[in-house]
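For reference, the structure discussed in these notes is given below.
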Amino acid sequence: MKMSNLLLPTLREVPADAEITSHKLMLRAAMVRKLGSGIYSYLPLGLRVLQKVEQIIREEMNAAGAQELLMPALLPAEAYQASGRWEVFGPSMFKLKDRYERDYCLGPTHEELFTQTVIDNVKSYKEYPMTLYQIQTKYRDEARPRFGVIRSREFVMKDAYSFDTTDAGLDESYKKMYDAYNRIFTRLGLDFTVVDADSGAMGGSGSQEFMVKSPVGEDGIAYCDSCGYAANYEKAACVPAPKPSNEGDFNIEKIHTPNVHTIEELVEFMGAEAYNFAKTIIYKADDKYIAAMVRGDREINEVKLKNLVGCIDDVELAEPFMVKQITNAEVGFAGPVGLDIPVYVDKEVEMMKNFIIGANETDMHYKNVNIGKDFTPAMVADIRVIEEGDACPKCGKPVKTAQGIEVGHIFKLGTKYSKALGLTFQDEDGQSKVVTMGCYGIGVTRCLSAAVEQNNDENGIIWPVAIAPFEAIVIPVNAKNEEQVNEAERIYNELKTAGIDALLDDRNERPGVKFKDADLIGIPVRIVVGKRIGEGMVEYKERTAESSTDKTVDEAMKDVIEFVRNNK
Ligand code: ATP
Ligand code: MG
C-alpha cells in the first residue's frame, strides 16, 4: 500500500475525552473514530489490525475443529424469552419493535440462538460432539461505556458453543478451547494470565478468563507465585484473617460520635483500629433492600454478595434517601442492631468480639457489640474482596494482586440452555437425554486495545508483528529526489514480492512528519532511503530499537524479511 492512497488522518493533539493510553493512541494513529458513546468506526489501518486478529482467531478455532457460521445481530425475542434472559439482561439489552409491534433485540451474546440452530438442524446424536462459532458484532447498552473499544456498546466478539452428549465430552471440548485460546493470545502477542472466574448468572460448573495484566484493567485478579493459583476477585475465596479483638465480657454501649462519618475519622476519634469496627452498607438487591457487613479495613465484594443473595440484577448501593429511611439516620451511621432488613455478614466479622458499629442514629455508634447477643445475621459467608498479602486459598502463601483486561472467557454451561430450550437427543438405546454445552468468547475489538495498552512508548503504538496493520514501512527521505524515490519504490516492491505486508511513504511530506507517523501507527520495522543511497546504503530500524543501523539495500531487505518471519 502506498501511503498517498491511505486515509490516515493522524492527530498530533491528544483527544480530550480519551483517558487511557490505548484509547488516545488508537485515535491519534487513526485506527478508530468515535461516532457516539461506545460506538466506533474502524478506519483503514484499524480495520487491517482487526482483520488480522480475526484471521488468527479463525485459524486456531478451525484447527481446534470448530466450524464457523454467521448469525444475525437482529434477533427475535422468543428464544431469549424462553431462556429467561429477556428479563435477566435488563437495561443492558438493546430492545426494539418492528412495524408489526413484534419484539426484537440486538444480540448481546448468542447462547439461545446457537442452541436453537442445533435443535433445528442436528438430527442424530452421532453428529456430536460439535463446536460452532462466529465472529460477529454484539450490542450491549453498557452502563459505563469507556476506554475506547475496551468497553463499547457495539463490539466484535468471537463466540463459540460446544455441544456434547456427556460431561466427559464437555470437559474435552472445553480443554480444546482452552488450548486454542492459549495459542490465539500468544500469537496476538499479548502477555496474559488465565484465572478462575465466577460462573454468576450464567450458571454452569466451571469458568476461566484470559486476562491481560494492565493497570487500566477493570477486573481485579489475585494470583499466587508459589502454587500457580489465579482467580478473578469475583471468584477468589478469602481465607479469614482474624485480628486482635477487645477481649472480655462487655455489654453494648451507645456512644456520641459527633461529625464522625468515615472509618478514618472513627479510628481517630475512638483511638481504635479500623479492624475493631464493622461497616454496614445498605444495598438494593432487585426490588428489596439488604445490609452487608465487613470488617472496617475490608471491602465488600458485590459479586459474591449478589451470588449469596441470589438476585437477578447486580446489587447496587441504596439511594441516600432510602438509607435514611431504613436507618433513621444520616448516611454513615448504618448498623445491624434494630435493622428490619436482612443483614449479610462476612466470616471475619463473625470472629470479632466487642466491636464498633453504626447505631442507626445520626452522630451515634455502638461499642462492645457481639454477634448473637446484640443482633442476628441473615447469613454469614465470604463476602469480602481479597487483598494483596492475603493467604492463598490453595496453598496459604501470600497472594499478589493485579488489574486485568478480560480478553477471553471460557465456560462450562452444562444444560442451562439446552434444558430451557429443549435440546435433547436419543441415545443408542432410544433414551432421551439433554445435550451439555460450553460457551467460549473472545472480545475481538477489545484485543486491539489490550495489545496497544501493553505495547507502546512515548512515540506511539508498537504493534506486535502478527497484527500490525503493515509489517514494514519504506520511507524515502526526500520526496523530490528521484533516485531516493525510485529506490524506495523498488525496495517496497521487492518486500511485497517476498510476502511482506509493506507500506511505502510516498507522500510529499517533511522527513520528520514521516518518521513521526511511522512511529505513531506502530509499524514494527522500517527502511529509510536517504542520501547514502548513491553508495547503495540505507538505514534499518526496528520500532523498538534506540537508533538505526546503516546497511546495504540487500542486507536491509534480508533483515526485514527475517525479522518479520521470526516475530510472526
Ligand atoms: P465484562 O465483564 O468485561 O463486562 P463480560 O464478562 O460481560 O465482560 P462476556 O459475556 O464473557 O463478557 O463476553 C465475552 C468477551 O467479550 C469478554 O471476555 C470481553 O473480552 C468481550 N466484551 C464483553 N463486553 C464488551 C464490551 N462492552 N466491549 C468490548 N468487549 C466486550
Ligand atoms: Mg466474562
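Values in this text are rule-based calculations from the coordinates and carry no lab data. Keep in mind the model is a prediction, meaning the values are calculated, not measured. Neighbour counts are summed over all protein chains in view; Cβ atoms, including those assigned to glycine, are modelled from backbone coordinates with ideal geometry.
Nothing charged except the Cβ atoms of Lys and Arg (+1) and of Asp and Glu (-1): what's the magnitude of the dipole of the chain about its Cα centre? Round to the nearest 20 debye.
The dipole magnitude comes to about 1060 debye.
Using a/c under 1.5 as the rounded threshold, could you call region 13-62 rounded, prolate or oblate? The axes a ≥ b ≥ c are square roots of the C-alpha gyration tensor eigenvalues, and prolate needs a/b larger than b/c, oblate otherwise.
prolate
Where does the chain land at 222 nm, in deg cm²/dmol rounded to the nearest 500, when only DSSP H runs of n ≥ 4 count, each adding -39500 (n - 2.57), divided by all residues? Write out the running numbers ahead of the final one.
Working: 15 runs with 156 residues, N = 568.
Helices in the chain give a 222 nm mean residue ellipticity of -8000 deg cm²/dmol.
Note down the net charge around residue 15, summing +1 for each Lys or Arg and -1 for each Asp or Glu among other residues with Cβ under 15 Å from its Cβ. Mind showing how you got there, number by number?
On the way: positive: 12, 24, 28, 33, 34, 146; negative: 13, 17, 19.
Once positives and negatives cancel, what remains is +3.
Just want to confirm a number: the relative contact order over the chain, from Cα pairs under 8 angstrom separated by 6+ residues, in percent. Show your work: numbers first, answer last.
Numbers: 1213 pairs, mean separation 95.0, N = 568.
Once normalised by length, the contact order is 17 percent.
Please give every one of the aspartates and glutamates within straight-line cross-link reach of residue 306, meaning a C-alpha to C-alpha distance under 16 Å, and leave out same-chain neighbours fewer than 8 residues apart.
Within reach: 198, 234, 286, 287, 314, 316, 346, 382.
Throw me the Rg/Rh for region 308-390, computed over C-alpha atoms with Kirkwood Rh, two decimals. The partial results should precede the final answer.
Numbers: Rg = 13.8 Å, Rh = 14.1 Å.
Taking Rh as the inverse mean 1/r over Cα pairs, Rg/Rh reads 0.98.
Could you list, in their original order, any pairs among 394/419; 304/416; 284/397; 176/568 whose Cα atoms are separated by more than 26 Å? Show your work: numbers first, answer last.
Working: 394/419 34 Å; 304/416 21 Å; 284/397 36 Å; 176/568 23 Å.
Long pairs (Cα-Cα over 26 Å): 394/419; 284/397.
Quick check: net charge around residue 447, other residues with Cβ under 10 Å of its Cβ, Lys/Arg +1 and Asp/Glu -1? Intermediate results must be reported in sequence, preceding the final value.
Working: positive: 158, 446; negative: 54.
With Lys, Arg at +1 and Asp, Glu at -1, the net is +1.
If you place +1 on the Cβ of every Lys and Arg and -1 on the Cβ of every Asp and Glu, how big does the dipole about the Cα centre of region 470-567 come out, in debye to the nearest 20? Can you show the working numbers first?
Details: 15 positive and 21 negative charges, 45 e Å.
Here the size comes out at about 220 debye.
Under the classification rounded if a/c is under 1.5, otherwise prolate if a/b is larger than b/c and oblate if not, where does region 26-170 fall, given a ≥ b ≥ c as square roots of the Cα gyration tensor eigenvalues? Don't jump to the answer; show the numbers that get you there.
Working: a/c = 2.39, a/b = 1.26, b/c = 1.91.
Oblate, since a/c reaches 1.5 and b/c is not below a/b.
Which one of 118, 434, 408 has its Cα pushed farthest toward the positive end of the charge dipole of the chain, where Lys and Arg give +1 and Asp and Glu give -1 at the Cβ?
The one lying farthest along the dipole's positive direction is 118.
When every alpha-carbon pair in region 253-381 is counted, what percent end up more than 21 Å apart? It would help to have the intermediate numbers written out before the result.
Working: 2800 of 8256 pairs.
The proportion of pairs with Cα distances above 21 Å equals 34 percent.
Which percentage, to the nearest 5, of the DSSP beta bridges contained in region 253-381 is antiparallel?
Details: 17 of 25 bridges.
Beta bridges within region 253-381, antiparallel portion: roughly 70 percent.
What are the lysines whose alpha-carbon lies under 22 Å from the alpha-carbon of residue 2, with same-chain residues fewer than 8 places away excluded?
Within reach: 52, 480, 496, 514, 516, 531, 541, 558.
How do 389-398, 19-28, 402-411, 486-495 rank on mean C-beta neighbours within 10 Å, highest first? Before the final figure, lay out the partial values.
Values: 389-398: 15.6, 19-28: 21.1, 402-411: 23.3, 486-495: 19.1.
So the order, starting with the most tightly packed, is 402-411, 19-28, 486-495, 389-398.
Dipole size in debye (nearest 20) for region 253-381 around its Cα centre, Lys and Arg Cβ +1, Asp and Glu Cβ -1?
Details: 13 positive and 22 negative charges, 87 e Å.
Roughly 420 debye for region 253-381.
Once you order the gyration tensor axes a ≥ b ≥ c over the Cα atoms, which shape class does region 470-567 get: rounded for a/c under 1.5, otherwise prolate or oblate by comparing a/b with b/c?
Working: a/c = 1.41, a/b = 1.18, b/c = 1.20.
Rounded, since a/c falls under 1.5.
Calculate the translational D of the chain in whole µm² s⁻¹ from Stokes-Einstein, where the hydrodynamic radius comes from the Kirkwood formula applied to all Cα pairs, the temperature is 4 °C and the viscosity 1.567 mPa s. Walk me through the numbers on the way to the answer.
Working: Rh = 27.2 Å.
Calculated translational D: 48 µm²/s.
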